[in-house]
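Since the structure comes first, as structure tokens, the remarks are kept for the end.
Here, each number is a calculation from the coordinates, and none is a lab measurement. What you are looking at is a predicted structure, and each value in this text was computed from that prediction instead of being measured. Cβ sites come from the backbone with ideal geometry, for glycine too, and all protein chains shown count toward neighbours.
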Amino acid sequence: MVSVRRIPLDPPVAQGEGEPLNRRQVASWCLFDFANSSYSAVIAAVVFQVFYINRIVGNGNGQGDLWWGRAISASMLFVSLTSPFLGGIADYAGLRKRLLGAYTALCVGAVAAFALLPPGAALAGFALILLANVGMEGGQVFYNSFLPQVAPPDRRGRVSGWGYGVGYAGSIVSLLIALPLAQAGRFEAIWLMVAGFFALFSLPAFLFLPRDRRSGLPALEAGRRGLASAVGTLRELWGRREARRFLLAYLVYEDGVNTVIVFSSSLAATTFGFGQGELIALYLVVQVTALAGAFALAKPTDTWGPKRVVSLSLLLWAAVAVSAYLVQGKAAFWMVACTAGLGLGSVQAGTRAFYSQFIPAGKEAEYFGVYSLVGKTSAVIGPLVFGQVSAALGSQRPAILSIVLFFAAGLALLTRVRGGGPSAGRTAAGAAPP
């Protein structure tokens, strides 16, 4: 058997506790979240989804929903299976920034090509959605892995929160630009706007984030060693008790979060009678509250510790699910949705900051590849439970109540994880030292 050994190279340098922030790097890192949020809001959540389902495919017999679901599922499956391995290649060959650029270009190009889709082009649309979503979601692996390089441990929580907060601002700005175009029926202009928005505001990341440190390996050899390294990362993580416990907790509670996100528009429309305009307005307001929550708990993530912030956020999400089951009328649901937004930014930013404590220096992309794998696969069981309960009982109210189980189980698992205290610079129990 041929032994696999990492050849000597300078790994990406994570910042040490107490080091000053490089404001240019932090700003460019946050701006990338601002850039790609235009895709999340306009393409995935509000405008293109409805356009593809109803205008490109046609949804009279549910075929639009079927094709959209196939495209999203296929792209997420691809990213889930490849993200830890590509993360290993990024670290091993020193290609992190280049891979981020390649995935970004793939997403931007596919979105721009939406403008060429005629009605009835279901297969062409499927292919472009698949490419765009792979580019968007796959690039997140490499984007996340820059966090330890741009922020010292004692400020990592707040920088992570700033990234999410700026991302929500990007969602709001891009939707405000897109909605008048949608009202005028200029959908091709919307797709080109999103492509340009993503490309323009991602440029600072490629100019100012830390440069790649090439290992000198040929691409094929780097790929082989990267795959072997990624397999080793999976074994290493599974063999470390606290990291394993954290990822299991994340898998469970993130399934609940994803399920609420996936079905929130359907719940608002079906159970509470929201029209299309009201759904768009609701989405915008929830983005504002999510932005507020991300910024409000950015500093407490460091001072209280990410574990406490995530735990409080999960209690808030459980209360949201119970409230959605109990409330009557649109006004009450507006309040519930805005409260959910407050917890959305904090649970995502806190989770990312908590996980970063388990990452050894030089393995950021590999470890965030596993993180992405868990996050992307945590949207399987929850939606199935919601759908089965709703179909069996003929109501979405008990279905949303059933999701409380995911938050409760995830919180119970999280309480068993050591680490995540107020000092982010303290090595979490079970984490490998730098």
Check: Which of Leu99, Gly185, Ile172 sits farthest toward the positive end of the charge dipole of region 60-189, with +1 on the Cβ of Lys and Arg and -1 on the Cβ of Asp and Glu?
Finding: Leu99
Note to self: Tell me whether region 123-215 comes out rounded, prolate or oblate; compute the Cα gyration tensor, take square roots of the eigenvalues as a ≥ b ≥ c, and use a/c under 1.5 as the rounded threshold.
What the structure shows: prolate
Item checked: Rounded, prolate or oblate (a/c below 1.5 giving rounded, otherwise prolate when a/b exceeds b/c) for region 94-167 by Cα gyration tensor -> prolate
Check: Sorted by packing (mean other beta-carbon atoms within 10 Å per residue), highest first, where do 178-186, 315-323, 30-38, 399-407 land?
Finding: 30-38, 399-407, 315-323, 178-186
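Suppose R0 equals 35 Å; then what is the FRET efficiency for Ala127 and Leu401 from their Cβ-Cβ distance, rounded to the nearest 0.05? Don't jump to the answer; show the numbers that get you there.
Numbers: r = 39 Å, r/R0 = 1.10.
The computed FRET efficiency comes out at 0.35.
Pairs to check: Lys307/Lys363; Lys307/Lys330; Lys97/Lys376. Give those whose C-alpha atoms are more than 29 Å from each other in this structure. Walk me through the numbers before you get to the answer.
Details: Lys307/Lys363 22 Å; Lys307/Lys330 34 Å; Lys97/Lys376 22 Å.
With Cα atoms farther than 29 Å apart: Lys307/Lys330.
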Notebook entry, point to check: How much length, in nm to one decimal, is gained on full extension between Val285 and Ala74, taken as 0.36 nm per residue of separation minus their Cα-Cα distance?
Noted result: 72.9 nm
Item checked: Measure of compaction for region 287-358 (Cα Rg per 2.2 N^0.38 Å) -> 1.16
Next item on the list: Towards the positive end of the charge dipole of region 225-379, with charges on Cβ (+1 Lys, Arg; -1 Asp, Glu), say which of Phe354, Trp317, Phe333 has the farthest Cα.
Entry: Phe354
